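Below is one structure; the comments refer to it alone.
Any read-out appearing in this document is the output of simple, stated calculations on the displayed coordinates, not a laboratory observation. On a predicted model such as this, the values are computed, not experimentally measured, just so you know. Don't worry about glycine lacking a Cβ; one is built from the backbone with ideal geometry, like all the others, and counts go over all protein chains shown.
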Amino acid sequence: MSKPRVATTSLAGCFGCHMSLLDIDERILSLIERVDFDRSPIDDIKHISQRCAIGLIEGGCCNEENVRVLYEFRKNCDLLISVGDCATMGGIPALRNNIPLQECIDEAYRTGVTVYNPDDITPQDPEIPLLLNRVYPCHEVVKIDYFLPGCPPSADTLWAALTALLSGQPLELPYELLKYD
Amino acid sequence: MSKSKSVVTEICNRYGNTRVRLMDIVRDVQQELGHVPREAFDLIAKGAHTHRVEVESVISFYAFLSERKKGDVVIRLCDDIIDRYQGGEAVAEALTRALGIGFNETTSDGRVTLEKTPSIGMSDQAPAMMVNDVMVTRLTPELIPGLVAKLRQTNDPQSLVESYGDGNNAHALIRSMVCNNIRESGAVILADYKRERGLRKALTETPADVIADVKASGLRGRGGAGFLTGLKWELTRESPGAEKFVLCNADEGEPGTFKDRVLLTERADLMIEGMTIAGYATGAETGIIYLRGEYAYLRPYLEDVLNRRRAGKLLGNGILGNAEFHFDVRIQMGAGAYICGEETSLISSCEGTRGDPSDRTPFPVAKGYLVSPTAVNNVETYCCAARIMDQGAGWFAAIGTQRSTGTKLLSVCGDCARPGIYEVPFGTTLREVLRRAGAENTAAVQVGGPSGQMVGPAQFDQGISYEELATGGSMMVFSNDRDILEIVEAFMEFFVKESCGYCVPCRVGNVLLKSRIERIRQGDGAPADLAYLKKLGESVKRMSRCGLGQTSPNPILTSLKNFQPVYNALVREDKTGLQKSFHIMRAVEEASVIAGRRSEVFHA
């Protein structure tokens, strides 16, 4: 029987959750014995190639490209996990949700104190994905099966969650892995 | 500024320059100046020996207080599901057309401000509105242009009252068009009775014997929670404290209830007699009637009743010749906050602060008003107590059921031919109540108001009692033509607005519950949403600190239980795993306009 496949992606996140995944250190060797990685920034595969058992989503949705990727994951993964606070709640990027979109764009490209833009150009290349009206947590866009809180969730949390899912055991995270103060 | 300065100083002096009377002070300033200007905050704080932040927090908390200048006349249209179903929306539209302004706006001449307000206790004569303190009931869109023209002409809200209602509504100190709508009187409260006989009998007994009588009668609190009144009085009496207090909760804010309105109009003496008996039993010398701001039109009358009783030695020092017994009552006006019907909030409000609830324990019987032992009872409870002393505990206990003795006043409103007040013995079935009220094709009844439960025909044979269908009095009837989830959403909107915001489960949870109901109503719901509603609703109930949050999910939880098919018909399992409530084209619309191009990803 072929190994279950795992795909990962970072949407409107900082890649901190992926760094945390790499923090499982040498356990990554035992992980790749048990699973095959499909689409992921870690192996740089651009699109999901076949049905995956698990999709790990870092970050919420701030633009149309995020939504497209999330749709691809939902369509091709049996289980989707929102990893970290941005995927779960929108996180830091969602701080813009109370500021009009035009103001956000102007602050980024024209009026911000560190901006150098003598021609006062706001880039409009069609390659740049359109921003959404606000930043959405993933579960408002697609159905999410599990949530792993934390900023980022610790390597031990990720490891415990993945091994529990792969062995079909119920996931019981000890208190130490869920408190952050 | 000099005018407001002298006004504020005078008002602060009037209330003895104490922070405990801050509610009265800011209410009077508002009355005098039309608003409480920011510049006056420091003056009030100084005059009441408190801090500016206390003044500001009180003004921002209560709906009827405002630092913003409003029109000379403020029209508050009752925005309640009952009013809406009786044509309230058309009335709202007629008002905006006649005044030429929208809601929360003031006419350019500064004369009229238009607002909406939750239930004002007129559900039996809806739609209704308050014009300053004047109640105008049974509105129709056709009546509005004439009313507005008259108001423009006279600038006097009282001029809108063309004929008076029945009974004391026509009293020289009330002069209101409100009707009592007493449909059925029972043996206890609305029956004819001999004035002061209960008080006289009580004074021949020891306070302990009075408490024993009330306990033996089985009387339970009529506000809805049903605590044993005799036990409450006993605990108040036994709690250590130099001073004790008797508070009367006349803040009936539960949408759909109006029975206290009728009692305050027709049975004020009986109520105060009951309070006086409570004062005697508990050892309190001060009573406070907390009167909801919406019932300000009854205040001059009630003050007159109090004065008359003082003159007749029924209040004051040495009541009825009993040299040992002193008791007097003051009226504390509320200012438009539903939460103040919760007893700890009511106490906070009487103490001149925001109507924030406080933790129980300690219960008010141990540490209530001014940290002293306090018995807080409903208007109707005091009326019952006076009648029990008159007629005897056995007489009272023989009425009703074993665990719910006596009669209950029901405020029946909504889709029925005869809305109004029904005094029925406990144990009367809901079906019987509906029959008497002339309700046909009834789909649902909200028993006990939004914080109570929504029941369907399967529950109609249950009795009105603490053990089956508990209610503080509100009975809202909805026919088959009504949309159950529209009603539920309206109730959730009410709780979102009335939450004091202190604790997260209530402040945030109610918003989440409401938005999920909206999603289901829009046809974007999935079966998982129903499980979510149930789980979140239970969390809000369990984790909130006061009665508001502990009951606010009830419209959802009880309708989920009793009207499951209605929900099931609206939700659909979705195999794609996409959320139907997320609309990508809507989400990118704004950026698309800014960029001047369409979505490359999603625009096929």
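Let me make sure I get this right: for the stretch B:2-61, a, b and c are the square roots of the gyration tensor eigenvalues over alpha carbons, sorted descending. Under 1.5 in a/c it's rounded, otherwise prolate if a/b > b/c, else oblate. Which is it?
The shape class here is rounded.
Order the peptides B:242-251, A:16-25 from the highest to the lowest mean number of other Cβ atoms within 10 Å of their residues.
B:242-251, A:16-25
Per DSSP helix of 4 or more residues, -39500 (n - 2.57); summed, then divided by the residues of chain B. What does that give at 222 nm, rounded to the nearest 500?
Taking each H run of at least 4 residues, the total per residue is -12500 deg cm²/dmol.
Using the count of nearby Cβ atoms within 10 Å as a rough guide to exposure, how do B:K3, B:K232, B:K70 rank from fewest to most?
Ordered from fewest to most neighbouring Cβ atoms within 10 Å, B:K3, B:K232, B:K70 come out as B:K3, B:K70, B:K232.
Which FRET efficiency, nearest 0.05, do B:E162 and B:F103 yield, Cβ-Cβ r, R0 30 Å?
0.70
Let's see if you can work this out: charge +1 on each Lys and Arg Cβ, -1 on each Asp and Glu Cβ, no other charges. What is the dipole magnitude of the protein assembly as shown about its Cα centre, in debye to the nearest 20?
It works out to roughly 1840 debye.
For B:F227 and B:V53, what does the FRET efficiency come to when R0 = 35 Å and r is the distance between their Cβ atoms, rounded to the nearest 0.05?
0.50
Which far-off residues, 5 or more places away or on another chain, put their amide H under 5 Å from the one on A:R5, with H placed in the peptide plane?
Placed amide hydrogens put A:D36, A:A53, A:I54 under 5 Å from A:R5.
Filter the chymotrypsin sites (Phe, Trp or Tyr not before Pro) in the stretch A:2-102 down to the DSSP loop ones having no more than 14 other Cβ atoms within 10 Å, then list what survives.
A:F15
How far, in degrees from 0 to 90, does helix A:155-167 lean away from the longest principal axis of the Cα atoms of chain A, to the nearest 10?
Approximately 50 degrees, to the nearest ten.
Quick check on the stretch B:50-103: take the gyration tensor over C-alpha atoms, sort the square-rooted eigenvalues as a ≥ b ≥ c, and tell me if it's rounded (a/c under 1.5), prolate or oblate.
Judged from the Cα gyration tensor, the stretch B:50-103 comes out oblate (a/c at least 1.5, b/c at or above a/b).
Among bridges DSSP assigns within the protein assembly as shown, what percent are antiparallel (round to 5)?
Percent antiparallel among DSSP bridges in the protein assembly as shown is about 40.
Extending each Cα 7 Å along its Cβ direction at B:R14 and B:E39, get the distance between those two points in nm, one decimal.
Result for the modelled spin labels: 2.1 nm.
Calculate, for B:R598 and A:K3, the FRET efficiency according to 1/(1 + (r/R0)^6) with r their C-beta to C-beta distance and R0 41 Å; round to the nearest 0.05.
Efficiency, from the Cβ-Cβ distance: 0.45.
Placing +1 at every Lys and Arg Cβ and -1 at every Asp and Glu Cβ, with all other atoms neutral, what dipole size does the stretch B:407-482 have around its Cα centre, in debye to the nearest 20?
Around 140 debye, computed over the stretch B:407-482.
Counting other C-beta atoms within 10 Å, which of B:I11, B:I520, A:I42, B:I399 has the fewest, and how do the rest follow?
Fewest to most other Cβ atoms nearby, the residues stand as A:I42, B:I399, B:I520, B:I11.
Within 10 Å of each Cβ in peptide B:580-590, how many partner chain Cβ atoms are there on average? Round it to a whole number, please.
5
Among DSSP bridges having both ends in chain B, what percentage is antiparallel? Round to the nearest 5.
45 percent
Are there trypsin sites (Lys or Arg not before Pro) in the stretch A:93-155 that DSSP marks as loop and that have at most 16 other Cβ atoms within 10 Å, and which are they?
Here the trypsin sites (Lys or Arg not before Pro) that fit, given the DSSP loop and packing criteria, are A:K143.
When a footprinting reagent is the concern and you count Cβ atoms within 10 Å, what order do B:F563, B:F327 take, fewest first?
Going from least to most buried by this count: B:F563, B:F327.
Take every Cα-Cα pair in the stretch B:178-259 and report what % of them are more than 14 Å apart.
So the portion of pairs separated by more than 14 Å is 76 percent.
Find out how many positive minus negative residues lie around A:D106, taking Lys and Arg as positive, Asp and Glu as negative, among other residues whose Cβ is under 15 Å from that of A:D106.
Once all neighbours under 15 Å are counted, the net charge is -3.
With the Cα gyration tensor of the stretch B:184-397 giving a ≥ b ≥ c as the square roots of its eigenvalues, does the rule (a/c under 1.5 for rounded; else a/b larger than b/c for prolate; else oblate) give rounded, prolate or oblate?
rounded
Quick one: go through the stretch A:36-73 and flag any residue whose amide nitrogen is under 19 Å from the point 7 Å out along the Cα-to-Cβ line of A:L101.
A:60-71
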